Amino acid sequence: MVRRPREYSPVLIRHAKSQGGVALAMVVWFVAAMSLLVVGIVSEARVDVRMAQTHIARAKTMAAGDGAINLLLSQQALLREAQATSAEGELEPVIQAGFMLGEQPVLVRMTPVSRLLDLRTTGVEQLAQLFAAEGGLASEDAQRLAGSVIQLRDGHGGRLRFSSGLRTVEDWLQLPGFDRALLDGIRDRVRMDDSAGYRLDAIVDYDGRRWVRRRWVILQGGAATSGFPWRVTRTEAPRVLNETKTAGAR
């Protein structure tokens, strides 16, 4: 009787199992790599979508805000009435009005710069209180920085001199301790432009957030260039309200 050889030897079986394990491992690694790739693509797409939404919000805030600001400025009768009703020696009142630009409501607030602090004239104690209360500095740091501001603006700042003068608050960023975080904390309380007479804030609610478009103007000297009886001296980029860091969060 002739014995048939076995179809598969134990060696071949072990070899086949080994190859099957390698193939399974390769499949698992391939699936994992593809999963990471898909996650990366989705994450990048979400970032792009958020950036696009932010750009749209900024553009909408600029368009609606500038339009509403011009509408308020065009109401010269309202401005003259507000100026006339302020008694002698009193601060000029803040004017506030709402507008509808298409389906977008916009609130505009017009603040005379006389109601804002001027870093070029404010006393050291008031500056220290501002830096501590609004900027988030510790009391000693606020007092020290206020003293440095006084020295700099009075011409005793050593090498910290400005050929163009201290025209805007950004010029103070060259002073040690006066950084962007502090500026963001105090910007709503201080005068940011030397030549402006009014600050106008256009508030726009969009996509669940409140945006502000800020402009600084004077009410004379604009007709020759822009056709309007006012002139914009400074325009700030749109930003989200209540999302700025304080200096204490360094």
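Brief remarks follow.
- Spin-label model, HIS55/ALA32: points 7 Å from Cα along the beta carbon direction are separated by 3.7 nm.
- What the phi angles of segment 197-206 give under the Karplus curve with 6.51, -1.76 and 1.60, with θ = phi - 60°, is a coupling list of x, 9, 10, 10, 10, 9, 9, 10, 8, 8 Hz, glycine and proline written as x.
- Under 5 Å from the amide H of LEU101 lie the amide H atoms of VAL106, each residue being 5 or more positions distant or on a separate chain, with H modelled from the backbone and absent for Pro and chain starts.
- Two-site label geometry, SER114 and ASP154: point separation in nm, points 7 Å out along Cα→Cβ: 2.8
- Relative exposure of ILE95, ILE186, judged by other C-beta atoms within 10 Å (fewest first): ILE95, ILE186
- Taking a sphere under 11 Å around the Cβ of GLN104 and counting the other residues whose Cβ falls inside, with K and R at +1 and D and E at -1, yields a net charge of -1.
- Remark: the ALA63-VAL42 segment gains 4.4 nm on full extension, using 0.36 nm per residue and subtracting the alpha carbon distance.
- Take the Cα of GLU125, step 7 Å toward its Cβ, do the same at ARG239, and the gap between the two points is 3.0 nm.
- For LEU116, net neighbour charge (Lys/Arg +1, Asp/Glu -1) across residues whose Cβ lies under 11 Å away: +2
Each value in this text was obtained by applying a stated rule to the coordinates, not by laboratory testing. What you see is a predicted model; the values in this text were computed from it and never measured. Glycine also receives a Cβ, built like all others from the backbone with ideal geometry; neighbour counts cover every protein chain displayed.
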